[in-house]
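S.K.: One structure coming up, written as C-alpha cells, with questions to follow.
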Amino acid sequence: MNWQAISVIYKSEMLRTRNTLLQSIASPVISTCLYFVVFGSAIGSRIQTVGGVDGQGGVSYGVFIVPGLMMLSLLTQSISNASFGIYFPKFTGTIYEILSAPISFFEVIIGYVGAAATKSIIIGTIILITASFFVDLSIAHPLWMLAFFILTCVTFSLFGFIIGMWADSFEKLQLIPLLVITPLVFLGGSFYTIDMLPPLWQKISLLNPVLYLISGFRWSFFELSDVNHGTSLIMVLAFLFICLGIVWWMFKSGYKLRQ
Amino acid sequence: MPPIVAIKDLCKTYASGHQALKNINLDIKRGEIIALLGPNGAGKTTLISTICGIVSPTSGTVTVDGHDTVRHYRKTRSLIGLVPQELTLGAFEKVENTLAFSRGLFGKKPDPAHIEKLLKQLSLWDKKDSALMMLSGGMKRRVLIGKALSHSPKVLFLDEPTAGVDVELRKDMWKLVSDLRESGVTIILTTHYIEEAEEIADRVGVINNGELLLVEDKNALMQKLGSKQLSIELREAISSIPESLNTYELQLSDNGTQLIYSYDVKSERTGITALLQAVNKAGLQLKDLHTSQSSLEEIFVNLVNDRQTPPDPSKETHPMKDAL
Ligand SMILES: Nc1ncnc2c1ncn2[C@@H]1O[C@H](COP(=O)(O)OP(=O)(O)OP(=O)(O)O)[C@@H](O)[C@H]1O
Ligand SMILES: [Mg+2]
C-alpha cells in the first residue's frame, strides 16, 4: 500500500474544502435553518405529532424531520463532493500525475472517497448541532445511528466517485444528482412517513431505495420507521456492494482513465 | 550494464483506431540524455505516456531498470519523473504544497528541505506561497519540473520542456538538465527543434508517423544532416537561372528574386566564395544574403524518403550531368 499517496490525496481534498469553507459549511447550516423555519415552525405548528397513537406519544414534526434533513444533505453533499473531487483533475488534466504515480486505483479511491465521506460526516454533525438549537433531540440507538450515518456517507461518496469517473462534462456531473437523487430523497419520506400517503403511493414508495435509508436512520433516533431497520441496513449494505462492484469493474477495465 | 529503459516491439493503437506507435524498439542507456525529435503528431507524447503509465500499450513491453511497466508498475513508476507537455496544474493550490503533494503521491515521506532546495534551484522560492493560477507560463513550467523532481527520480521525461520558454529560462533549464545528468539521472526529452537536440543530447532518436526512424549518436547525426542553405536575394527578379551558374544546383524562388544554394557545413570548401563571384559575373546584383540550417521538415522528408523508396539509380537525376 502506498500510504503516503493516500494521505496526500486525502489531505489535499480536505484542504480544498478549507479553501471553500464558507460554501462547504455555511450552505448546509443555512439550508437547515430554512427548512426548520418553513417546515418545522410554519407548517409544523399546524401538524400534530407524528407517529403517536391517538395524539399520545410520537414526536413533534420539527423533531421528526431532522433525520430526513440530515439524509438530504448527506446524500447530495457526498455525491457532489466526491464526483467533483475526481472530475476536476480529469477536466484540468492534472490526472496525469495520478496515472503516472506508483499508486493503485484502489488507493486513489480510498483517498478521494475517504475525504468526501469525512466532509459529509462533518456536515451531518453540523446539521445535527444546528437542529438541536431548534428542537429537543434524543437518539434512541446511538450505535445504529452512527452505523447508518457513516455507511451512508461512505456509500454515496463512492457513488459520487463513480459519477465523477463517468462524467465527461459538467452537465453530466449535475445530471444524476439533480434528476435522480433529489427526487428520490424528497419522495423517500424525508418530510413524511409513507402511511400519510394513499395506499398505491405507499407501494410505489417501497421501490425507492432512499426510503429504506431514511426510515432506518429515523428509527435509530426515535424508533419510528416505515420499514424494518434490519431491512434498511441490508439495503444500505447492498447499495454499498453494488458501488464497490462497479468501482472494481472500472478498476479492471481502466475505465475512461487510461487510453 | 543493462539499459535503464528497454522498449520492445511497442505498439499503440488508440480507441479511435489511430495507430500512434508502430513497433518501437529502443534501449535507453543509463545516465544519457536522449532527445526524441519529431513533427506534430509523430507519437512522441504517446511513447512517453506509455512508458509512464498514462497510456496502456496495445502490444509489446517496456521495462524500467529491469522491471515491467505493467506488471511491476509500482516499482517502475517510482523511478520515473514526468514533465508533461501541457501546463496542467491545479488552480488554487500553493506552489510549495503542490510539490509536497507530488512527492507523497510517489510514496516518499515528506521532506521540506528537499522541496526547499528544488524551489530555490528553480528560482521559485519567493513564489512558494503563490496560488498556481497566479503564475506565468514559464513559472508553471518550472513548477511542473519541480513536481517531477520532488521524489528524486532516476529517469526524467521532459515532454517539450522549452515550449513557450524564454532564452534565459531555456539556459537555466539546460543547466539544470546537465546537473541532473551529472548526478546520474537519465533524461529523455522531446523537441521539434534540431538545435535543441544538438545542444544537450548525447543521442537523438527521430520519430515520424509512429515509427522510430533512427537513433544515433548526436555528433554522427549532425554530420549527416548538417546541410545549410544560403539565400541570395537579388535586386531585380530574373525569369531563369543563368547557364553559367548551373554547376551550383541553385533553386530559384517563385517570384524570381531569390537564389537558394545548399551546401554542407562540415565540408572543407563550401563553394560560397566561388558562387558569389559567379553570380557577380553573370551580371546579377545582390540585395541581401542569409543562411539557414536545413529545417526539421526537410530532414524528415529526407529520412522518410530514404526509408520508403530504396535508392533507385535509374531514377536519380544529376543536374550537373544534365548541364554538361
Ligand atoms: N487520446 C487519443 N486518442 C486518439 N488519438 C490520439 C490520442 N492522443 C494522441 N492521438 C493521436 O496520436 C498521434 C500521436 O500523438 P502524440 O501526441 O503522441 O504526438 P506528438 O509527437 O507528441 O506531437 P506534438 O509534437 O504535437 O506534441 C496523433 O496523430 C494524435 O492525433
Ligand atoms: Mg507531444
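S.K.: What's the number of the only condition in (1) within 14 Å of chain A (Cβ to nearest Cβ); (2) away from ligand 1 (no atom under 16 Å from the Cβ) that B:L144 fails to meet?
M.R.: Among (1) within 14 Å of chain A (Cβ to nearest Cβ); (2) away from ligand 1 (no atom under 16 Å from the Cβ), the lone unmet condition for B:L144 is (2).
S.K.: Read through the list (1) within 27 Å of B:V55 (Cα to Cα); (2) within 14 Å of chain A (Cβ to nearest Cβ); (3) in contact with a Ser or Thr (Cβ under 9 Å, 6 or more places away or on another chain), then give the number of the only condition that B:D111 fails.
M.R.: (1)
S.K.: On to the next question. Taking the conditions exactly as written (more than 11 Å from chain A (Cβ to nearest Cβ), in a helix (DSSP H, G or I) and within 20 Å of A:M14 (Cβ to Cβ)), does B:E116 satisfy them or not?
M.R.: Considered against the rule, which asks whether it is more than 11 Å from chain A (Cβ to nearest Cβ), in a helix (DSSP H, G or I) and within 20 Å of A:M14 (Cβ to Cβ), B:E116 comes out as no.
S.K.: Also: If you scan region B:176-190, which residues turn out to be in a helix (DSSP H, G or I) and in contact with a Pro (Cβ under 7 Å, 6 or more places away or on another chain)?
M.R.: Answer for region B:176-190, where residues must be in a helix (DSSP H, G or I) and in contact with a Pro (Cβ under 7 Å, 6 or more places away or on another chain): there is none.
S.K.: Taking region B:39-71 on its own, how many of its residues are at negative phi and either touching a strand residue (DSSP E or B) at 6+ places or on another chain (Cβ under 7 Å) or near ligand 2 (Cβ under 10 Å from one of its atoms) (or both)?
M.R.: The qualifying residues number 22.
S.K.: Let me ask something else. For residues that are among the hydrophobic types (A, V, I, L, M, F, W, C) and surrounded by 12 or more Cβ atoms within 10 Å (Cβ to Cβ), scanning just region B:12-24, find the one that is farthest from A:G254 (Cα to Cα).
M.R.: Of everything passing the filter in region B:12-24, B:I24 is farthest from A:G254 (Cα to Cα).
S.K.: Looking at the structure I just gave you, is B:C11 more than 16 Å from ligand 2 (Cβ to nearest atom) and either facing chain A (nearest Cβ under 9 Å) or over 18 Å from the mean Cα position of the chain (by Cα) (or both)?
M.R.: yes
S.K.: Could you check A:A115 against (1) hydrophobic (A, V, I, L, M, F, W, C); (2) touching an Asp or Glu at 6+ places or on another chain (Cβ under 6 Å); (3) more than 14 Å from every other protein chain (Cβ to nearest Cβ) and say which number it fails?
M.R.: Looking at each condition in turn, A:A115 falls short on (3).
S.K.: Do we find a residue being in contact with a Phe, Trp or Tyr (Cβ under 9 Å, 6 or more places away or on another chain) and within 14 Å of chain B (Cβ to nearest Cβ) anywhere in region A:67-86?
M.R.: yes
S.K.: Let me ask another. Go through (1) within 14 Å of ligand 2 (Cβ to nearest atom); (2) assigned to a loop (DSSP other than H, G, I, E, B) for B:G17 and report which single condition fails.
M.R.: Single failed check for B:G17: (1).
S.K.: Which residues, counting only those in region A:166-180, are in a helix (DSSP H, G or I) and surrounded by fewer than 22 Cβ atoms within 10 Å (Cβ to Cβ)?
M.R.: Initial filter on region A:166-180 (in a helix (DSSP H, G or I)): A:166, A:170-180.
The answer is A:W166, A:F170, A:E171, A:K172, A:Q174, A:L175, A:I176, A:P177, A:L178, A:L179, A:V180.
S.K.: Could we say that B:V167 is among the hydrophobic types (A, V, I, L, M, F, W, C) and surrounded by fewer than 16 Cβ atoms within 10 Å (Cβ to Cβ) here? Talk me through it step by step, then tell me what you get.
M.R.: On the way: among the hydrophobic types (A, V, I, L, M, F, W, C): yes; surrounded by fewer than 16 Cβ atoms within 10 Å (Cβ to Cβ): yes.
Considered against the rule, which asks whether it is among the hydrophobic types (A, V, I, L, M, F, W, C) and surrounded by fewer than 16 Cβ atoms within 10 Å (Cβ to Cβ), B:V167 comes out as yes.
S.K.: Among residues belonging to region B:159-201 that are within 16 Å of ligand 2 (Cβ to nearest atom) and on the phi > 0 side of the Ramachandran plot, point out the one that is modelled with the highest pLDDT. It would help to see each step written out before you state the result.
M.R.: Start the filter on region B:159-201 by keeping residues that are within 16 Å of ligand 2 (Cβ to nearest atom), which leaves B:159-165, B:188-193, B:196-197.
Among the residues that remain, those that are also on the phi > 0 side of the Ramachandran plot are: B:160, B:164.
Values: B:E160: 90, B:G164: 74.
The extreme case among them is B:E160.
S.K.: Further question on the same structure: Restricting attention to region B:92-103, which residues are at the interface with chain A (Cβ under 9 Å from one of its Cβ atoms) and either in contact (Cβ under 8 Å) with a residue 24 or more places away in the chain or in contact with a helix residue (DSSP H, G or I) (Cβ under 6 Å, 6 or more places away or on another chain) (or both)?
M.R.: If the condition is that a residue be at the interface with chain A (Cβ under 9 Å from one of its Cβ atoms) and either in contact (Cβ under 8 Å) with a residue 24 or more places away in the chain or in contact with a helix residue (DSSP H, G or I) (Cβ under 6 Å, 6 or more places away or on another chain) (or both), then B:F92, B:E93, B:T98, B:A100, B:F101, B:S102, B:R103 are the ones that fit.
S.K.: Turning to a different aspect of this structure: Of the residues A:I95, A:I86, only one is on the phi < 0 side of the Ramachandran plot, in contact (Cβ under 8 Å) with a residue 40 or more places away in the chain and within 19 Å of the chain's Cα centre (by Cα); which? Reasoning before the result, please.
M.R.: Numbers: A:I95 fails: within 19 Å of the chain's Cα centre (by Cα).
Answer to the selection: A:I86.
S.K.: Pick from A:F239, A:F191: which is closer than 22 Å to A:Y61 by Cβ and within 22 Å of the chain's Cα centre (by Cα)? So that I can check it myself, show each step before the final result.
M.R.: Values: A:F239 fails: closer than 22 Å to A:Y61 by Cβ.
After ruling out the rest, the residue left standing is A:F191.
S.K.: Consider B:F106 carefully, then state whether it is within 13 Å of chain A (Cβ to nearest Cβ), surrounded by fewer than 16 Cβ atoms within 10 Å (Cβ to Cβ) and either touching a Cys at 6+ places or on another chain (Cβ under 6 Å) or not polar (S, T, N, Q) (or both).
M.R.: No: the conditions fail for B:F106.
S.K.: OK, next. Out of all the residues in region B:1-58, which are of a type in the set (F, W, Y) and either more than 7 Å from ligand 1 (Cβ to nearest atom) or in contact with a Lys or Arg (Cβ under 7 Å, 6 or more places away or on another chain) (or both)?
M.R.: Passing the criteria: none in range.
S.K.: Can you spot a residue in region A:240-255 that is modelled with pLDDT of 90 or more, away from chain B (no Cβ under 14 Å) and touching a Pro at 6+ places or on another chain (Cβ under 8 Å)?
M.R.: Looking for residues that are modelled with pLDDT of 90 or more, away from chain B (no Cβ under 14 Å) and touching a Pro at 6+ places or on another chain (Cβ under 8 Å), one finds none in region A:240-255, hence no.
The values are calculated or read from the model by the stated rules, or taken from the named source; none is laboratory data. The structure displayed is predicted, hence computed values, not measured ones. In this analysis, Cβ positions are derived from the backbone assuming ideal geometry, glycine residues included, and neighbour counts consider all displayed protein chains.
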